[in-house]
Amino acid sequence: MTFAPTTSARPSRSKTRLRPAFWLPAALILIFVLAAVFAPLIAPYEPNAQNLLGRLRPPGTVSRGFHYLLGSDELGRDLLTRLFYGARASLFVAFASVALSGTIGVLAGMLAGFLRGAAELVLMRTVDVFLSIPAILLAILTVAVLGPGLVNVVLVLTLTRWPRYARIAYGQTLGIANMPYVRLATFMGASAGRILFRHVLPNIIGAVAVVATLEFGLMVLFEAGLSFLGLGVQPPNASWGAMLSTGRNYLATAWWIATFPGLCLFLLVLAVNLIGDDLRDRFDPRAPGA
Amino acid sequence: MMRFLLKRLGQALVTTIGVATLIFFLQHLTGDPTYLLVPETATRADIDAMRHSLGFDRPLFVQYLGFLGQLARFDLGRSIVQNIDVTTIIGSRLPYTLALAAGALVVAGGIGIPVGVGLAFMRGRAVSYALSALVLAAQSMPTFWSGIILIMIFAVRLGWLPPSSTGGIEHLVLPCVALGLLSMATFARITRTALLDELSKDYVRTARARGVSRIRLLFRHLARNASTPVITVTAIEVSNLLAGAVIVETVFAWPGLGQITVQSIFARDFLVVQGVVLLGAFVTVALNLVADLLYSAIDPRIRLEGARR
């Protein structure tokens, strides 16, 4: 994947404002973010408040003071409340792992592309090695070593995904580092740090943003997948993946437990992918996209 | 061709050693890997004895060389919990995962490639927008949710197919569809892009001007030229499908490698987990190599450039 320098590919403001393909999914993501941030204020109940006499109640039922808008789970907890708190886990893991792996990967990629030589060889061969292990397997192995839990999931995903950014940053930096203005800056005595952060980074950030957006959706799925397997967020904390895993045991009697968390996951990832596609089309019209 | 082949083989070998090195260091991420292998209730004496018997008290570099030597002999160690060689455990589970991945590949390619053709040929029409939406939806749907939805509809409500476990071919249908849907999107996208690239070329315009029908154009002219990226993606997708089986097997209680991996994590049978991950990585390296070689067999330019570099 190659990208044009941002100066020529940056979309105009008016074009951005008018595109529903961008703003509709962005609005949906904003709703999820607000639900996650303000979960303690807007959730009707405590996420772990049990009502054992109101177990597995369908959406719209009332039991002992609990009004189950989206139904209750196997311990009589309100599903809607747990969806709000589940959004927190998903979004926290996705934001944190994208920020950490993006920072590490971009730094590594820029250094490899700028310094060349031994640094390039070591860093990029390491990237090749990481990328040749299927990501979910690498994540599972690392969780098996570190143990489950929210913070460990972030660490695992950071460790697993930084090479993705390193590869794109490396490819982009190679192109930019040979530009006359960068060579001139080097000639004028600018430090490596100044060149990388003032001249290279602004020109590769568009390509990195596209990757980061698509990775964000993937990280939401990874967190849910690990939690689904019991390796991510641990009970009684809410996570959409863990809720789906519970719901699997009640498919014949309580369809809502697996349906709503899955729907939330689907909508969030769909929205993120739509934005990723839109960004990719705008930053690089030649890149593949359906 | 020989030079290209040797170069690629050399690269694959370096990556394989790199993978083994990475996994060795991951094993030592928390300091002492003995703790990954003993039950939580183990006493100090048990842990010391285990550390000594597995050689974890040797210098790190000696352990590393031992680990590489073991792998060179295809020895993945012995499961502490089951007291069987890890290779035997993997061997007994592998056919199930392969069957699942093969079925999923048929679903992914069987739906994805025609959808990609439709997207390229019907560009700008209503059909193409509907197909785009289908691709995007499939891409955004977690396999564990699509699996659950499939079970709810086809097993619980309609009762047409079994919800889980093994048996005849009917047991394979739902897991293969759930696993294949995600890759379907990849196949559709890559087919579309490859065809659009070809459609913009002069020879296509000439053929069209000569009145060649769309069907003939697709099968006689475009299929070979556009197949290069599709072949590469197939190789990559096979390894993705094998990895994706971890989750799908859990949803459908399918007794393949994914299920034993997850069970082994909870049973603290680390060597089995490590064995499956090593196998997954080696298969990926091998498939990438195969893709490269196929790619060069179809398109001689790649071979020549690759050999020159």
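Throughout, read-outs are computed from the coordinates displayed, never taken from laboratory work. Source: prediction; values computed, not measured. Ideal geometry is used to build each Cβ from the backbone, glycine not excepted, and the neighbour counts take in all protein chains shown.
Assorted remarks:
- For chain A, the Cβ-based charge dipole about the Cα centre amounts to some 660 debye (Lys, Arg positive; Asp, Glu negative; other atoms uncharged).
- Every pair of different Cα atoms in segment A:113-196 enters the Kirkwood calculation, which places the hydrodynamic radius at 14.8 Å.
- Inverse mean reciprocal Cα-Cα distance (Kirkwood Rh) of chain A, Å: 20.9 Å
- Extreme residue, positive dipole direction of chain B, given options B:Leu172, B:Thr30, B:Pro229 (C-beta unit charges): B:Pro229
- Normalised contact order of chain B, rounded percent, pairs of Cα under 8 Å and 6 or more residues apart: 26 percent
- The calculated FRET efficiency for B:Ile298 paired with A:Met188, based on their beta-carbon distance and R0 = 56 Å, is about 0.70.
- Cα shape, segment B:64-107, gyration tensor, a/c 1.5 rule: oblate
- Dipole check for the protein assembly as shown: with +1 at the C-beta of Lys and Arg, -1 at the C-beta of Asp and Glu, and the Cα centre as origin, the magnitude is about 2360 Debye.
- In this calculation the C-beta distance from B:Arg214 to A:Tyr181 is compared with R0 = 60 Å, giving a FRET efficiency of 0.80.
- Mean separation of Cα contacts under 8 Å (6+ apart) over length of segment B:1-154, as relative contact order %: 10 percent
- Peptide A:140-152, shielding by other chains (average Cβ, 10 Å cutoff): 5
- Net charge dipole size for chain B [Lys, Arg +1 and Asp, Glu -1 on Cβ; Debye, nearest 20]: 1820 debye
- A helix-only calculation puts chain B at -25000 deg cm²/dmol for mean residue ellipticity at 222 nm, using -39500 (n - 2.57) for each DSSP H run of at least four residues, averaged over all residues.
- Between A:Leu121 and B:Phe74, the C-beta separation translates, for a Förster distance of 41 Å, into a calculated FRET efficiency of about 0.90.
- Two-site label geometry, B:Val156 and B:Tyr64: point separation in nm, points 7 Å out along Cα→Cβ: 5.1 nm
- Model label sites at A:Leu69 and B:Gln82, defined 7 Å from Cα along the beta-carbon direction, differ in position by 4.7 nm.
- Pairs of Cα atoms farther than 42 Å apart, the protein assembly as shown, %: 26 percent
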